[in-house]
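Working notes, beginning with the structure itself.
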Amino acid sequence: MMRTVWLILFMLCLAMFVPVSAQNEQPSVVVVVMQGEINETQVALLHRAYTEARDKNAAAVILELDTFGGLVDSAVKMRDMIDSMPVRTICFVKNRAWSAGALISLAHQHIVMAQGSSIGAAEPIPATEKNISALKAEFAATAGKHGRNPRIAEAMVDKTMGYPGYAGQGQILSLTDSQAVAVGYAEMIAADRTAVLTHYGLQDSPLREYAVNWQDYAGGWLSMAAVKFFLLTVMFLSILVEFKTAGTGVAGLLAVASASLLFTGQWLLGYAGWLEALLLLMGLLLLGAEFFVAGTGIFAAAGTLSLFAGVYLLAGAGNTAVYSILISMLLAIGLFLVIVRRLPSSRLWTKLVLREAETGQAGFISGNDHSAYQGKTGKTLTALRPAGRIEIDGTVLDVVSEGDFIQPGLEVTVIETTGNRMVVRLTKH
């Protein structure tokens, strides 16, 4: 009887974790509402929605776009993200898809124009030859991948090209709703979202709508270059301070917090995974073991390598990442040198930094001026061959004899002082 009860309980628990069969679920349509400037916040939004679309095997993703443009780097990230989607992608241009927004639109398999909308006007700022050439290639490749005329895409970027019937030479190409349909860039003009869903046979699919929320704002803010540089600097400075103090652990916690925020920003945008998290965690744990347990330097070396590898991947794994790490490290070291004298010293720090000096209290004096010892007598502490040491009034001095060998424990007299050189001879009684 009890065996049957336990079996029933086990089956009930198992049922709680077994997903409902996909055959009983109708694939949903993910709708992403994107308005305003194209930046890292929008990248975070798209990543969040696309992750859900993949996990739930969505029937399609519709991006409702209305933008004057924004950051090219962010637009390129979104273009790559859209290209990698395994489901149908549809861009519904609500009002305008200008500049960076035009590139995002062209990355979709299908483009639908709202009544009165427009697409294009993608000349880069600053409009240097290098920027125009690079962006023109991006537009042409993206358009061509989905069967659209690359020449039209290039004319949206380079005003010297023009496009007959739509833009003369010296004019940046922009297309109205009807023009986009006429040249094959858009498939239809739709009055609203319902018309788009109906056109693609998705009118009966459940909808999951995504718009910018606090999580996306956080990801965009943490991914700003200035914020990432600040977090890197704080992390390196905190590690140095913890290395110096290794007491309260406040600096160590600050280093962990900085590394966590750096990782979180990249994770929210889809540019960090388990490898980066593992490298950062291992690095911090090894450094912690060095500070509080080992004190030999081995864990510190391994932890530093692991931490740098994780930071390098988070920063983009390229030349820019190297420059960011080096500059933030130099700034952290500079700040550390400013405050180091005001910090208590840990056991590890005292092992690696020379703390003892040859002071007068320890029986040593400076070697700059020995004239005060002229004519004084002392006792040899070591044999003079001819160099050795003597003691005068409790002070240890380095001297040389006139050339004779003098045994330890004998009385000698200083007969000459020149700078830090003292000459002695055996005292005659």
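The values are calculated or read from the model by the stated rules, or taken from the named source; none is laboratory data. Since the model is a prediction, treat every value here as computed from it, not as a measurement. Note: ideal-geometry Cβ built from the backbone for every residue, glycine included; neighbour counts use all protein chains shown. Surface areas here come from the heavy atoms of the whole protein model, side chains and all, with no ligands, DNA or RNA. Shrake-Rupley method; radii C 1.70, N 1.55, O 1.52, S 1.80 Å.
Could you look through segment 379-426, keep only residues that are among the hydroxyl-bearing types (Ser, Thr, Tyr) and out of contact with any Gly (no Cβ under 9 Å at 6 or more places or on another chain), and pick out the one that is most open to solvent (accessible area, probe 1.4 Å)?
Let us first name the residues in segment 379-426 that are among the hydroxyl-bearing types (Ser, Thr, Tyr), namely 380, 382, 395, 401, 413, 417-418.
This time we only want the ones that are out of contact with any Gly (no Cβ under 9 Å at 6 or more places or on another chain), so: 417-418.
Working: Thr417: 34, Thr418: 81 Å².
In this case the residue turns out to be Thr418.
Of all residues being of a type outside the set (A, V, I, L, M) and modelled with pLDDT of 85 or more in segment 399-416, which is farthest from Lys379 (Cα to Cα)? Just the residue, please. Even if it seems obvious, please write down each step before you answer.
The initial filter retains those residues of segment 399-416 that are of a type outside the set (A, V, I, L, M), namely 401-405, 407-409, 411, 413, 416.
Imposing the further condition that a residue be modelled with pLDDT of 85 or more reduces the set to 401, 407-409, 411, 413, 416.
On the way: Ser401: 13, Gln407: 10, Pro408: 8, Gly409: 6, Glu411: 5, Thr413: 9, Glu416: 16 Å.
Across segment 399-416, the extreme among qualifying residues is Glu416.
Considering only residues that are open to solvent by 60 Å² or more (accessible area, probe 1.4 Å), out of contact with any Phe, Trp or Tyr (no Cβ under 8 Å at 6 or more places or on another chain) and part of a helix (DSSP H, G or I), look in segment 139-154 and name the one that is nearest to Ala186 (Cα to Cα).
Once the filter is applied, the top-ranked residue is Lys145.
What are the pairs, 6+ residues apart or on separate chains, where a residue within segment 155-182 that is open to solvent by less than 50 Å² (accessible area, probe 1.4 Å) has its Cβ under 7 Å from a residue that is among the aromatic types (Phe, Trp, Tyr)?
Ala155/Tyr163; Met156/Phe139; Val157/Phe139; Leu173/Tyr163; Leu173/Tyr166; Leu175/Tyr166; Leu175/Tyr185
(1) open to solvent by 20 Å² or more (accessible area, probe 1.4 Å); (2) in a helix (DSSP H, G or I); (3) at pLDDT 90 or above: which one isn't true of Leu197, the others all being true?
So the condition that Leu197 fails would be (1).
Scan (1) of a type in the set (Gly, Ala, Ser); (2) more than 21 Å from Ala53 (Cβ to Cβ); (3) part of a helix (DSSP H, G or I) for the single condition Ala122 breaks and write down its number.
(3)
Can you tell me which residues in segment 201-213 are open to solvent by 30 Å² or more (accessible area, probe 1.4 Å) and either hydrophobic (A, V, I, L, M, F, W, C) or within 19 Å of Lys94 (Cα to Cα) (or both)? Spell out the reasoning first.
Initially, segment 201-213 is screened for residues open to solvent by 30 Å² or more (accessible area, probe 1.4 Å), giving 201, 203-204, 206-209, 211-213.
Gln203, Leu207, Arg208, Glu209, Ala211, Val212 - these are the residues of segment 201-213 that are open to solvent by 30 Å² or more (accessible area, probe 1.4 Å) and either hydrophobic (A, V, I, L, M, F, W, C) or within 19 Å of Lys94 (Cα to Cα) (or both).
List the helices (runs of 4 or more DSSP H) that sit entirely inside segment 293-398 and contain at least 3 residues that are modelled with pLDDT of 85 or more and either of a type in the set (S, T, N, Q) or closer than 22 Å to Ala257 by Cβ (or both). Even if it seems obvious, please write down each step before you answer.
Numbers: elements: 298-314, 319-339, 347-352.
Filter on segment 293-398 gives 319-339.
Considering only residues that are aliphatic (A, V, I, L, M) and either surrounded by fewer than 20 Cβ atoms within 10 Å (Cβ to Cβ) or in contact with a strand residue (DSSP E or B) (Cβ under 8 Å, 6 or more places away or on another chain) (or both), which ones fall in segment 82-108?
Within segment 82-108, the subset aliphatic (A, V, I, L, M) is 82, 85, 87, 90, 93, 97, 100, 102-104, 106-107.
Ile82, Met85, Val87, Ile90, Val93, Ala97, Ala100, Ala102, Ile104, Ala107, listed by residue number.
Restricting attention to segment 214-233, which residues are loosely packed, with under 15 Cβ neighbours inside 10 Å and either without any contact (Cβ under 8 Å) to a residue 24 or more places away in the chain or farther than 19 Å from Arg48 by Cβ (or both)?
Trp214, Ala225, Ala226
Tell me whether segment 262-273 contains one or more residues that are among the aromatic types (Phe, Trp, Tyr), open to solvent by 50 Å² or more (accessible area, probe 1.4 Å) and at pLDDT 75 or above. Show your work before the answer.
Within segment 262-273, the subset among the aromatic types (Phe, Trp, Tyr) is 263, 267, 271.
So of that shortlist, the ones also open to solvent by 50 Å² or more (accessible area, probe 1.4 Å) come out as 267, 271.
If we keep only those that are at pLDDT 75 or above too, we end up with 267.
Yes, some residue in segment 262-273 is among the aromatic types (Phe, Trp, Tyr), open to solvent by 50 Å² or more (accessible area, probe 1.4 Å) and at pLDDT 75 or above.
Under the condition of being in contact with a strand residue (DSSP E or B) (Cβ under 8 Å, 6 or more places away or on another chain) and of a type in the set (Lys, Arg), which residue from segment 28-81 is modelled with the highest pLDDT? Please lay out each step first, then the result.
From segment 28-81, those in contact with a strand residue (DSSP E or B) (Cβ under 8 Å, 6 or more places away or on another chain) are 28-39, 42, 45-46, 48-50, 52-53, 56, 58-71, 74-75, 78; that's our starting set.
After this cut, where a residue has to be of a type in the set (Lys, Arg) as well, the list is 48, 56.
On the way: Arg48: 92, Lys56: 87.
Within segment 28-81, the match that is modelled with the highest pLDDT is Arg48.
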